[in-house]
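Structure first, commentary second.
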Amino acid sequence: MLDRILSIISVLEFTDVLDILIVFFIASYAVRFIRTTRTWQLGKGLLIIVAVYVLSNVFHLYTVSWLIGNLLSIGLIALVVVFQPELRRALEFLGRGKFATRGFSLEREKYGTTADAITSAIGYFAERREGALIIVENETALQDVAETGTMLDADISTPLLENIFYKGSPLHDGAVILRGDRILAAGCVLPLTENPNLSKDLGTRHRAGIGITEVSDALVLIVSEETGIISMARDGKLSRFLDLKAVEKALLNLYLSKETENKTIFSRLGSTVLQRKEVRDEEPGDN
């Protein structure tokens, strides 16, 4: 491993390093900003349309190609309208000069502490039958949803979560959004699910928890105010009657998957540098 790293460093020139850093900075900034809103979902839909357009040209589907081509030409203007809030936020972000944002990764030693704090709070709510709705952000960040509530940006702790969902608190009726090891916001308003197959016994808190998982990949923990039953929503599906061990396991799996993804990103960056070196070595010299 060390020999491989040294071989990469030995062939790098200053312009190579500068080139890679600029591209990596632009790409990482764009991805991080897109993930702070639900624009990520719209972006994937746009990529599907572009893919269909390319395939229609390859297979000579002229009518489909003409239709999508005209839609895309008009869609450029439509995109500016659809993404207007996100574009404005991006320009304001650049204007303030804040190029660094808090990442999703946590140090391994914090995983246990963070998961334990959340799990302890869930146990507290279940025992006392206090309603709670906690959103643990995943890849699709929920900045636009967080802005419907009160921004906190505070360390996750059991006492703070207990105070937020205390029945006399002004924030207890909304949702709490967690980002990494921070409480991003509280008192947030979530979209309600329109699934007609849900039990009529489920109230607004459960329907809101399911609704946010239909438009994002968040993990949602719900405690019923009437029964104290612990539920978890993910990918539009609700699991009920959970114990605290199941809650802690789900949280740890989520945080560990984030760490694995971050390691993969840096590994791919190193592979890209090595591939550039191999291509350069294969190029014929000047005669």
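The values are calculated or read from the model by the stated rules, or taken from the named source; none is laboratory data. Note that the coordinates shown come from a computational prediction; the quantities given were computed from them, not determined experimentally. Please note: Cβ atoms are built from the backbone with ideal geometry, for glycine as well, and neighbour counts cover all protein chains shown.
Which numbered condition in (1) more than 20 Å from Ala246 (Cα to Cα); (2) modelled with pLDDT under 85; (3) assigned to a helix (DSSP H, G or I) is the only one that Val54 fails?
With respect to (1) more than 20 Å from Ala246 (Cα to Cα); (2) modelled with pLDDT under 85; (3) assigned to a helix (DSSP H, G or I), Val54 is out only on (2).
Restricting attention to the range 119-134, and to residues there that are in contact with a helix residue (DSSP H, G or I) (Cβ under 6 Å, 6 or more places away or on another chain) and β-branched (Val, Ile, Thr), which single residue is surrounded by the most Cβ atoms within 10 Å (Cβ to Cβ)?
Ile122
For the range 190-216, enumerate the residues that are part of a loop (DSSP other than H, G, I, E, B) and of a type in the set (Gly, Ala, Ser). Break it down stepwise before answering.
Looking only at the range 190-216, we keep the residues that are part of a loop (DSSP other than H, G, I, E, B), and these are 190-203, 215-216.
Within the range 190-216, Ser199, Gly203, Ser216 qualify.
Just one of Leu198, Leu152 is more than 19 Å from Thr213 (Cβ to Cβ) and not aromatic (Phe, Trp, Tyr); which is it? Outline the logic, then answer.
Details: Leu198 fails: more than 19 Å from Thr213 (Cβ to Cβ).
That would be Leu152, the only listed residue that is more than 19 Å from Thr213 (Cβ to Cβ) and not aromatic (Phe, Trp, Tyr).
Return the residue satisfying two criteria in turn: it lies in the range 249-264 and is modelled with pLDDT under 85 and of a type in the set (S, T, N, Q), and of such residues it is surrounded by the most Cβ atoms within 10 Å (Cβ to Cβ).
Here the answer is Asn262.
Mind telling me which of the residues Leu184, Leu142, Leu198, Leu178 ends up being surrounded by fewer than 20 Cβ atoms within 10 Å (Cβ to Cβ) and in contact with a strand residue (DSSP E or B) (Cβ under 8 Å, 6 or more places away or on another chain)? Before the answer, list the steps.
Working: Leu184 fails: surrounded by fewer than 20 Cβ atoms within 10 Å (Cβ to Cβ); Leu142 fails: surrounded by fewer than 20 Cβ atoms within 10 Å (Cβ to Cβ); Leu178 fails: surrounded by fewer than 20 Cβ atoms within 10 Å (Cβ to Cβ).
Testing whether each residue is surrounded by fewer than 20 Cβ atoms within 10 Å (Cβ to Cβ) and in contact with a strand residue (DSSP E or B) (Cβ under 8 Å, 6 or more places away or on another chain) leaves just Leu198.
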